[in-house]
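Working notes, structure below.
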Amino acid sequence: MKVILNGACGRMGRVVQRVFREKLPDADLIPVDPMAKDGEAYTALADYDGPADCIVDFSHHSLTPALTACAAARKLPLVIATTGQTAEELAAIREAAETVPVLLASNFSLGIVVLTALARQAAKAFPEADIEIVEAHHNRKLDVPSGTALTLAKAVQSVRPGSRLVIGRHENGKRDPADIGVHSLRMGNVVGVHEIHICTDTQTLTLRHEAHDRALFAEGALTAARWLVTKEPGLYGMEQVLEDLVR
Ligand SMILES: NC(=O)c1ccc[n+]([C@@H]2O[C@H](COP(=O)([O-])OP(=O)(O)OC[C@H]3O[C@@H](n4cnc5c(N)ncnc54)[C@H](O)[C@@H]3O)[C@@H](O)[C@H]2O)c1
């Protein structure tokens, strides 16, 4: 498999390069990064026009228009790991998915896919419970809250009509039962922790996932890439990859 890696020189990009060398020694990786130095990577997607089987993106959401345009024009399946897209950028992703298969996931850990399903189930089982989501990440992370925390919050919201997301709580006053709170900690070198607290007057259920190593996301993205290259155009998520893996 020949994979174009966008964002190849960032923290995640370098981990993907290492995992790729270790796990897929016979495959080719074409690194692209606008901040690349000393020729270690192409500095734009448009600079590489050789053959490829797919694009994997761990860069910055502002590159979405260039990324989706390149994937659609070259008919290349696209795995998007980057988080924090605006509404316009998400629209560009949906448009590209009409032409090529696109997999968008805010977290490539299979543990988080399972956690999301459990969060939805718990929110349904305890319709009166207060639900608060807490995430922690390293102090260099740019987007707040994490894309994964938003995915979890939206999963809860999908089974709680009338609820509303409260990103951080900064005002005095009683908690509104319709709130789904999302809180962010930024500290040290934390790879990623997500907790969902489901709290009634008589019990608290806490669901927790902790990533120990960034290789987890790289491995998930490469599993996703191998899966995606066999698919028809459309917008996919990690739930579908997991469904096929456990079938
Ligand atoms: N889906 C997942 O499982 C998962 C896991 C970890 C990180 N991420 C996401 O992947 C992305 C990259 O994470 P990272 O920790 O490697 O970040 P990073 O800042 O270390 O690397 C980002 C790379 O993108 C490039 N880039 C291009 N345009 C940029 C711009 N306008 N601003 C900043 N960087 C730009 C930089 O050169 C850099 O090499 C983030 O969106 C992060 O949230 C996703």
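Each value in this text was obtained by applying a stated rule to the coordinates, not by laboratory testing. Model, not experiment: these values are computed from the prediction. With ideal geometry, Cβ positions are generated from the backbone for all residues, glycine too; neighbour counts draw on all protein chains shown.
Which length gain, in nm to one decimal place, applies between LEU142 and ILE167 when the Cα-Cα distance is subtracted from 0.36 nm times their residue separation? Please list the in-between numbers first.
Working: separation 25, 0.36 × 25 = 9.00 nm, distance 1.56 nm.
So the extension gain works out to 7.4 nm.
Based on C-alpha coordinates, I'd like the Rg and Dmax of region 110-211, in Å.
That works out to 13.2, 38 Å for Rg and Dmax.
Setting aside same-chain residues fewer than 8 positions from LYS23, which aspartates and glutamates have a Cα under 19 Å from its Cα?
ASP53, ASP57, ASP213, GLU219
Would you mind counting up the charge near ALA218? Only other residues with Cβ under 15 Å from its Cβ, with Lys and Arg at +1 and Asp and Glu at -1.
That sum, taken over residues with Cβ under 15 Å, equals +3.
What is the dipole size for the chain, taken about its Cα centre, with +1 at each Lys and Arg Cβ and -1 at each Asp and Glu Cβ, in debye to the nearest 20? If you can, show how the numbers build up before the last one.
Values: 26 positive and 31 negative charges, 54 e Å.
It works out to roughly 260 debye.
Please list, ordered by chain and number, the residues whose modelled amide H lies under 5 Å from the amide H of TYR236; skip anything fewer than 5 residues away on the same chain.
VAL102, LEU103, LEU104
Which lysines have a Cα less than 25 Å from the Cα of LYS154, not counting those fewer than 8 places away in the same chain?
Here the lysines satisfying the reach criterion relative to LYS154 are LYS124, LYS141, LYS174.
Within the set of other residues whose C-beta is less than 11 Å from the C-beta of ILE80, count the net charge using Lys and Arg as +1 and Asp and Glu as -1. If you can, show how the numbers build up before the last one.
Numbers: positive: none; negative: ASP57, GLU89.
Here the count lands on -2.
Cut-off is 10 Å between beta-carbons; in what order do HIS170, HIS137 appear when sorted fewest neighbours first? Show your work: numbers first, answer last.
Values: HIS170 6, HIS137 25.
Ordered by Cβ neighbours within 10 Å, fewest first: HIS170, HIS137.
Distance between Cα centroids, region 20-59 to region 89-112: provide it in whole Å.
19
How charged is the neighbourhood of PHE108? Take every other residue with its Cβ under 11 Å from the Cβ of PHE108, and add Lys/Arg as +1 and Asp/Glu as -1.
Numbers: positive: ARG214; negative: GLU219.
Result for the local shell: 0.
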